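The values are calculated or read from the model by the stated rules, or taken from the named source; none is laboratory data. From a predicted model like this one, the values you see are computed outputs, not experimental measurements. Neighbour counts run over all protein chains shown; Cβ positions are idealised from the backbone, glycine included.
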Ligand SMILES: [Zn+2]
């Protein structure tokens, strides 16, 4: 066994190594005010040039905004990097996963970060890229009861001015987490953009959700962008999901582009924008909320929105942005389900359909219901244990 | 969508009635009672059919569940630990059932050993909110997953039979 002296010597040696490693190359220092001066030491000159060109009126306002990125994987990490390079004021990063070597087909993370929590690894890299951005990390699963309240509290109080965040970006990879984000955002009246890449890696989407004004994630079954692959030939045996850095990069780019447009108020922010990689098709549409949405807060927000005076839009809607009819029946199934084939999808617009319909539960036999009499929970737990 | 034997299994599992999740305080207690009633009946059915294949229990809040499941292959009994949390969005979204010890051994899993469900599961669950509960997630989710994946894991040598598994299981 090593003596204390030997260990102390080893520590000194390692500290010197660490210092040497950290001194690689110049370090970027904090900058107080964004300048448009074009010098090679100004990291903001090309962004501020957007003002001079008349694209954005107020680029430096980017520093006042707080954006929450939920899910720091293939899409979320690239999203966070883009926002960091753009000079966003504060970033809140949520994820409970660790960096794995299996993630290396994606952008951003590096092999030496394997084993670190994604939020810690991301924060380190991002602070190096741009120390002006205030980065906060939250290493937990937002869908559990213990963490959900903390998630809601954070979203509603951790902006730069101690209030609600300006925008939340969903970069999670599963239905449950999206649903949890939707629940929180409807309750908090929080605007957010949902993003996703399909499990076959060749399509994706972004969707802006303004509670009460546009459809929420619970208003309809999940939307899918046509990938132009014959479902019957799609082999899912033996794998859950595929992923491509290209598709994820495209979706992250569309997500941050719309974030910038939304925050800095330039151009048009898409409500729903799809991406079909095999055909390079980008369908768009606008989705109204469902008056009979499952989420009670969605219905409350809809009432609030109806009661507000409307701003008359000067921009004429384009032909292909067909607003969906209020009485759209989300649950229409085009083909009966008796055949053992993937079900027919309800088409919303060309290239976008519902993943499944909610009507027609003939495939489940009606069975008895659990009794409602005065049973005691403790007795039931004991009974379950003793079987 | 649902084959005959699953249909038969389903017809004997009591459906639930209370649409409440773990954030709903008193209503959640009601839901939890229904969950236990449904699970007890399902396990009893399984025992009667000589197909006893899992046990589950929860913390007292009913938010965290754990237990064991068994799978018999070539007369040998393989046993796995089960765990999952009830998400705040339950029962609108199904729980993500995990078998942590199989994490990394099959591509039909997400991180942390969460099983990858068939494309049919999610629509079926969505159409049956709030009537489906944990027993349905077991019958439609974990049961079929084990039936497909465990023989494959054994054949590939990814898992091997251990003597003590039988002792624990009995
Ligand atoms: Zn809604």
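Observations, loosely collected:
- All positions within the range A:82-95 that are surrounded by fewer than 20 Cβ atoms within 10 Å (Cβ to Cβ) and over 15 Å from residue A:61 (Cα atoms): A:82
- Residues of the range A:96-140 that are within 22 Å of residue B:107 (Cα to Cα), in contact (Cβ under 8 Å) with a residue 40 or more places away in the chain and in a loop (DSSP other than H, G, I, E, B): A:96, A:105, A:106, A:107.
- Of all residues in the range B:79-108, those that are part of a strand (DSSP E or B) and surrounded by 20 or more Cβ atoms within 10 Å (Cβ to Cβ) total 6.
- Inter-residue pairs, beta-carbon under 9 Å, first touching a residue at least 12 places away in the same chain (Cβ under 8 Å) and in the range A:301-312, second more than 12 Å from the ligand (Cβ to nearest atom), 6+ apart: A:301/A:189; A:304/A:189
- Every test in (1) touching a strand residue (DSSP E or B) at 6+ places or on another chain (Cβ under 6 Å); (2) more than 11 Å from chain A (Cβ to nearest Cβ); (3) over 12 Å from residue B:106 (Cβ atoms) is passed by residue B:151 save one, and that test is (3).
- Just one of the numbered conditions (1) touching a residue at least 60 places away in the same chain (Cβ under 8 Å); (2) assigned to a helix (DSSP H, G or I); (3) surrounded by fewer than 23 Cβ atoms within 10 Å (Cβ to Cβ) is not true of residue A:182: (3).
- Just one of the numbered conditions (1) modelled with pLDDT of 95 or more; (2) surrounded by fewer than 21 Cβ atoms within 10 Å (Cβ to Cβ); (3) under 30 Å from residue B:149 (Cα atoms) is not true of residue A:238: (1).
Per-residue answers, yes or no, for (1) more than 14 Å from chain B (Cβ to nearest Cβ); (2) at negative phi:
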{"site": "A:116", "(1), (2)": "yes, yes"}
{"site": "A:121", "(1), (2)": "yes, yes"}
{"site": "A:129", "(1), (2)": "yes, yes"}
{"site": "A:141", "(1), (2)": "no, yes"}
{"site": "A:145", "(1), (2)": "no, yes"}
{"site": "A:156", "(1), (2)": "yes, yes"}
{"site": "A:162", "(1), (2)": "yes, no"}
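- Of all residues in the range B:52-62, one or more are within 30 Å of residue B:156 (Cα to Cα) and more than 9 Å from every other protein chain (Cβ to nearest Cβ).
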